[in-house]
Amino acid sequence: MTPASLARARWAIIAPFLVMGLLIGAWVPHVPLIKERLAVGPGMFGLALLSIAGGAVLAMPTAGVLINRFGSAVMTRVTGIVFCAAFLAAVLAPSLAAFVIGGALMGMCIGSMDVSMNAHAIAIEKALRRPVLSMLHGVYSVGCVFGAFLGGYLIETLGSRNQAFIMVALCLAIHLGAARFFLPGSVDKGLSGSHFAWPTRATIVLGLLCYLALMIEGSVIDWAAILMREKFLVEAGIAAMCFATCQGGMALSRFTGDWLRLRVGAVPMVFASGLLTALGTALGLLAPSPALAILAFTFAGIGIGNIAPVMIAGGGRLEPTAPGRGIAAVTTLGYMGFLSGPPLIGFVAQVTSLNDALFLTVIAALIIAVFARAVKAADTY
């Protein structure tokens, strides 16, 4: 491949990360409207929403197999297109059964696209011999925020159906415009003679650490604002600032993460990130005022932002003959942490308090710091 084609691929891979963020952000304002349209109770609708998570978890390991067979470029291109269609299927579902089917399909697209675009980003990292993955996850974070604001505005002004079609048209244009500049499918196609094999022990260890990292992310997203409101009796808008500044800290760290990994290495970076996450979260939980708690959770966001991207990069390099399989193992376990972390915190809070329960995230961050050497493979090019 030529330097010019590699440079184009580096910029093109931004598109699927942006598209996924835009669509997930645009999905958020649809959720209460879908619940009202289907006229179901919160319990039943909550179970229906699990179809999205279930589809994602089921699809991730299969995506690793398909990447080995067809290459990450083909998989990223196809899953991005199908994700747009699945988004419409879920948003426009006329019945609860149709919503469950559409939600499962959308979840499968999210899971398989997540693995595929990360695998292709790692192929680009190898060709460039420098990291790009943290920046791409930062683009995803920005896409989520922008998608939520734009999606909400379009629903208010043009209605939910028009919003869905406009967002899909926008995302398809971005995705298809960039997809032709991906690296050739041959860069990671058929590296392993077997399309299916169990992940290695090292990959599973890294996946378990990613489980803890995304458990922290999911728990802070779901519980931080509730903690602020219960502990300090603040207005909902002030409570939400805790989540917003934490997300802002994550985005900031991801846009600087590649530069930092290139200069200090993955292991010191994850070690320091784990300690900063633990310190920021602990100070947030012990803070005597809302302002100090918000500031502390901002630093926690800066700490946690780069951990999962570096672990995903490590997963792709631990299995050089099947990078898609390594990424699938790490992301599947990580996503399970994102899903199971908030309920675990809720269960512990039921018998203690929410403030005490969230100290589990501090312990998780310290475990990540202790086992930071597991990400050493992320620096292999």
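Heavy-atom accessible surface of region 241-371, averaged per residue, reaches 37 Å², computed with a 1.4 Å probe. Kirkwood radius for region 1-140, taken over all pairs of different Cα atoms as the inverse mean of 1/r, rounds to 15.9 Å. Note on Glu230 and Ala169: the extension gain reaches 17.8 nm, defined as 0.36 nm multiplied by sequence separation minus the Cα-Cα distance.
Element breakdown for the chain at a 1.4 angstrom probe: carbon and sulfur atoms account for 73% of the accessible area.
Dividing the convex hull volume of the alpha carbon atoms of the chain by its residue count gives 128 Å³ per residue.
For region 74-127, the per residue solvent-accessible surface stands at 27 Å², with DNA, RNA and ligands left out and a 1.4 Å probe. Rounded to the nearest 500, the 222 nm mean residue ellipticity of the chain from helices alone is -28500 deg cm²/dmol, with -39,500 (n - 2.57) taken per DSSP H run of at least 4 residues. Highest-first packing order for the peptide set 139-146, 323-330 is 323-330, 139-146, based on the mean count of other beta carbon atoms within 10 Å.
The values are calculated or read from the model by the stated rules, or taken from the named source; none is laboratory data. Since the model is a prediction, treat every value here as computed from it, not as a measurement. So basically every Cβ, Gly included, is an ideal-geometry build from the backbone, and we count neighbours across all protein chains shown. All accessible areas refer to the heavy atoms of the entire protein, side chains included, with ligands and DNA or RNA removed. Shrake-Rupley method; radii C 1.70, N 1.55, O 1.52, S 1.80 Å.
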